[in-house]
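J.: I am attaching a structure below and will ask some questions about it afterwards.
The values are calculated or read from the model by the stated rules, or taken from the named source; none is laboratory data. Here the structure is a predicted model, which means the values were calculated and not measured. Positions of Cβ are backbone-derived with ideal geometry, glycine not excepted, and every protein chain shown enters the neighbour counts.
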């Protein structure tokens, strides 16, 4: 086994992950959409599963969905000769390196119409698409998810409505990558696009909800924030009008794509039910384990939940119907 830090392309680590302890499970989107009567145009028949077998290990990509906000594809591993889960490994305490198990994912690379995603819409990390993974239903499955950088300020390219994604997956201990060509086509469901321009201010911190792009499988919100540098500990919860927490599927932010130095944040949430009338954004500051700390480990309660202090004057509600 070799030591690696990288569990995905470096682009996966490009964005600032905001709004919680970690990226939410993409599977939550599937659970959520199963409850929300997803539009039939959003679940058009996906391309046939793509699979490759090498050294007794088979990888298969299926359930490909691109709804204009998020590209999600399910990855399954089968066969023999691997150890542990798809993303499993352990920390070598002597070297400080994380060592991946044999057959675990060590890297993922993606091409969009033959072009590496690192070159898709700009040279800087903040202008590139994000690439990430989320757990599946068992140790031998996960979800690969991609989103473009079009909501991060500037004139950055969105994914085309139809394209070919070439996915190369490197497994620890296997010499050659597993490469699969995946035809991708945007679902035909018409998105609800809102431009609310809601602004809330607290001290030197100001946040504006500029845009919302809503489909039955996901919800995408664009924020422009001033004063982020002095208020980096402000995070966000999202709830519907029934008080249900809306799952986060991804989020990142940057100040590199505009001349004013504003921070643009792009949040991708789970799909809303047909009954949902509004989304409430609830900013909060987390409590840290060490008193008066501004960084480090977050403090949790007896249930393991993050201790939060909500900032009421920054709260805003977006009416979606």
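J.: Please enumerate the residues belonging to the range 167-178 that are over 11 Å from residue 108 (Cβ atoms) and either surrounded by fewer than 19 Cβ atoms within 10 Å (Cβ to Cβ) or outside the structural domain of residue 145 (by TED's automatic domain parsing) (or both). Let's see the steps before the verdict.
T.: First pass over the range 167-178, keeping only residues over 11 Å from residue 108 (Cβ atoms): 172-176.
Scanning the range 167-178 gives 173, 175, 176.
J.: Name the residue that is nearest to residue 312 (Cα to Cα), counting only residues in the range 207-231 that are in contact with a helix residue (DSSP H, G or I) (Cβ under 9 Å, 6 or more places away or on another chain) and part of a strand (DSSP E or B).
T.: From the range 207-231, those in contact with a helix residue (DSSP H, G or I) (Cβ under 9 Å, 6 or more places away or on another chain) are 207, 215-218; that's our starting set.
From what's left, part of a strand (DSSP E or B): 207, 218.
Numbers: 207: 13, 218: 26 Å.
Checking each candidate, the answer is 207.
J.: Still on this structure: Inside the range 159-175, can you point out the residues that are within 21 Å of the chain's Cα centre (by Cα) and in a strand (DSSP E or B)?
T.: Kept after step one, since they are within 21 Å of the chain's Cα centre (by Cα), are these residues of the range 159-175: 159-170.
Of everything in the range 159-175, those that are within 21 Å of the chain's Cα centre (by Cα) and in a strand (DSSP E or B) turn out to be 162, 163, 164, 165, 166, 167, 168, 169, 170.
J.: List the number of the failed condition for residue 239; all other conditions in (1) modelled with pLDDT of 95 or more; (2) crowded, with 18+ Cβ neighbours inside 10 Å; (3) within 17 Å of residue 305 (Cβ to Cβ) hold.
T.: (2)
J.: Are any residues in the range 188-234 closer than 22 Å to residue 308 by Cα, out of contact with any strand residue (DSSP E or B) (no Cβ under 6 Å at 6 or more places or on another chain) and buried (at least 18 other Cβ atoms within 10 Å of the Cβ), and if so, which ones?
T.: Of everything in the range 188-234, just one residue is closer than 22 Å to residue 308 by Cα, out of contact with any strand residue (DSSP E or B) (no Cβ under 6 Å at 6 or more places or on another chain) and buried (at least 18 other Cβ atoms within 10 Å of the Cβ), namely 205.
Yes or no, residue by residue, for (1) surrounded by 15 or more Cβ atoms within 10 Å (Cβ to Cβ); (2) modelled with pLDDT of 95 or more:
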{"position": "261", "(1), (2)": "no, no"}
{"position": "288", "(1), (2)": "yes, no"}
{"position": "295", "(1), (2)": "no, no"}
{"position": "312", "(1), (2)": "no, yes"}
{"position": "320", "(1), (2)": "yes, yes"}
